[in-house]
Amino acid sequence: MAAVTMRLPALLAPLDSSALRGGEKHLVAPGDTITTDTGYMRGHGTYVENDKLIASVAGVVERVNKLVCVRALKARYNGEIGDIVVGRITEVQQKRWKVETNSRLDSVLLLSSINLPGGELRRKSAEDELAMRDYLQEGDLISAEVQSIFSDGAVSLHTRSLKYGKLAQGVLVQVSPSLVKRQKTHFHDLPCGASVILGNNGFIWIYPTPEQKDDEAGGYTANLEPVPLCDREVISRLRNCIMALVTHKMMLFDTSILYCYEASLPHQIKDILKPEVTEEIVLEARQRLLDSEG
């Protein structure tokens, strides 16, 4: 007879709700009255009617001094200056590339906003414009930083640092931008042997941690060497852990991903996305986060 694997239900320990930070969040639906105090200023996701500040989207109310805005729970990416994004080149135009960054409009990467291969700093010439496809072409994935926002809401990017540039040898995971936690750095080398770029636009890039940083190429030479099986397994496990966290609407940052990865080690990679296993490892990761904050 063939062997049959069975999972018996286990009693899960209740979460320690006393360790929740920040108290209860103020969730609103469209049309809900946020406040009747006329001293507040109207921010994104709100409008004023009959001296009442009313929500226009479903989300979390955020207050900064007297400014009140509603952060939508699920929306396209709205760029902010300084954000780290991962995007895909969709079109090569005159002196610029169009980049898909999960926002309402295609983002723009100007030829004048990139480092030339080798990190050379000089004015871009007509020869550089003719060689644009040698740097980046349609389908290439890049990491970049938001430099400015155009009047129509489109995002202008730059890659003037050697840590930005073309991406290769990895896995792209697309999640809701509202689930990516804002931090000082979005480039993380995890101790499990892989690295992640947590794009503020909801695009997450998982790749093997390089043994040495190659600063000579200026970020435009892709490494196409075969990836060892052990690295591919780590990347696959991290990808499934991120999808498990997204399923339970948990914020994504380096610590939550690492805790979920460690909780998933007793299970096979393909089993992580089974609903009962997903719930088990996410609850364990959530409890560890609560314990560390408490």
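With the helix formula -39500 (n - 2.57) applied to DSSP H stretches of n ≥ 4, the chain reaches a computed 222 nm mean residue ellipticity of -6000 deg cm²/dmol. Database note for the chain: Cys without another Cys beta carbon under 4.7 angstrom, 69, 192, 230.
Surface exposure of the stretch 39-176, expressed per residue as accessible area with a 1.4 Å probe, stands at 54 Å².
Measuring against 18 Å, Cα to Cα, the residue pairs 98/181; 66/184; 74/270; 163/184; 98/166; 249/274 contain 98/181; 66/184; 74/270 as the ones spanning a longer distance. Site pair residue 48 and residue 276 shows an inter-label distance of 5.7 nm when each label is modelled 7 Å from Cα along Cα→Cβ.
Given R0 = 35 Å, the distance between the Cβ atoms of residue 149 and residue 36 translates into a calculated FRET efficiency of 0.60. Look at the Cα gyration tensor of the stretch 159-294: its axes a ≥ b ≥ c give a/c of at least 1.5 with a/b over b/c, and that counts as prolate. Rounded to the nearest 5, what % of the DSSP beta bridges within the chain are antiparallel ones? Restricted to the chain, the bridges split so that about 85 percent are antiparallel. Here's the picture: a label point sits 7 Å out from the Cα of residue 137 along the beta-carbon direction, and within the stretch 154-191 the residues with their amide nitrogen under 18 Å of it are 166-169.
Screening the chain for whole DSSP H helices of 20 Å or more along their axis (Cα) with average Kyte-Doolittle hydropathy at least -1.0 returns 229-247, 275-293. For Rg and Dmax of the Cα atoms in Å, the value calculated from this model appears in [x] 22.2, 74; [y] 17.9, 56; [z] 29.0, 114 under label [x].
Rounded to the nearest 0.05, what FRET efficiency do residue 73 and residue 127 give with R0 = 41 Å and r taken as the Cβ-Cβ distance? Could you check? Given R0 = 41 Å and the Cβ-Cβ separation, E is 0.30.
Residues of the stretch 180-212 with an amide N closer than 15 Å to a point placed 7 Å from the Cα of residue 80 along the Cα-to-Cβ direction: 180-186, 199-202.
Annotation for residue 187 and residue 291: the two label points, set 7 Å from Cα along the Cα-Cβ direction, are 3.3 nm apart. Of the beta bridges in the stretch 96-201, as assigned by DSSP with both residues counted there, near 85 percent are antiparallel.
The values are calculated or read from the model by the stated rules, or taken from the named source; none is laboratory data. No experiment lies behind these values; they were computed from the predicted model shown. Here Cβ is always computed from backbone atoms with ideal geometry, including for glycine, and neighbour counts include all displayed protein chains. Note: accessible area is taken over every heavy atom of the protein model, side chains too, but ligands, DNA and RNA are not part of it. Shrake-Rupley method; radii C 1.70, N 1.55, O 1.52, S 1.80 Å.
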